[in-house]
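Undergrad: Got a structure here, written out as structure tokens. Questions coming.
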């Protein structure tokens, strides 16, 4: 991961961690389902932002480096990693 990215990603993940603990507490307290589901949706959205940031970082640094180096094998590997990643989580 690029040096400028980890702090913002870690900050987002820590915030999400707190949200998840909060939702666990809501479930334990028997709070209204819609309130819990609303918080779960917020967590999913926040994780999506983390994913976006990581993907942008990967493209801007890892993939770009492979392209600039002109190493065809490295380029294929980076592309293959992305294809494999998205293939794992398709519905």
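Undergrad: Per-residue ellipticity at 222 nm for the chain, helices alone: DSSP H runs ≥ 4 residues times -39500 (n - 2.57), over residue total, nearest 500 deg cm²/dmol?
TA: Estimated from H runs of four or more residues: -27000 deg cm²/dmol.
Undergrad: Rounded, prolate or oblate: which one fits the range 4-48, using the alpha carbon gyration tensor with axes a ≥ b ≥ c (rounded when a/c is under 1.5, else prolate when a/b beats b/c, else oblate)?
TA: oblate
Undergrad: Rounding to the nearest 10 and keeping the result within 0 to 90°, find how far the Cα-based axis of helix 6-29 lies from the longest principal axis of the chain.
TA: The two axes meet at around 30 degrees.
Undergrad: A further question on this structure: Relative to the longest principal axis of the C-alpha atoms of the chain, give the angle of the C-alpha long axis of helix 72-88, reported between 0 and 90° and rounded to the nearest 10°.
TA: The angle comes out near 20 degrees.
Undergrad: With the chain treated as a Gaussian network of Cα nodes joined by springs under 10 Å, which of 13, 37, 54 yields the largest mean-square fluctuation?
TA: Evaluated over the chain, the most mobile residue of the options is 37.
Undergrad: Taking the 0 to 90 degree range and rounding to the nearest ten, how far is the long axis of helix 33-57 tilted relative to the main principal axis of the chain, both from C-alpha atoms?
TA: Computed tilt is about 20 degrees.
Undergrad: Here is a follow-up. For the chain, what does the alpha-carbon gyration tensor say about shape, rounded, prolate or oblate, given a ≥ b ≥ c as the root eigenvalues, a/c under 1.5 as rounded, and a/b over b/c as prolate?
TA: Note, shape of the chain comes out prolate.
Read-outs: derived from the displayed coordinates by stated rules, not from any lab. Keep in mind that what you see is a predicted model, and the values were worked out from it rather than measured.
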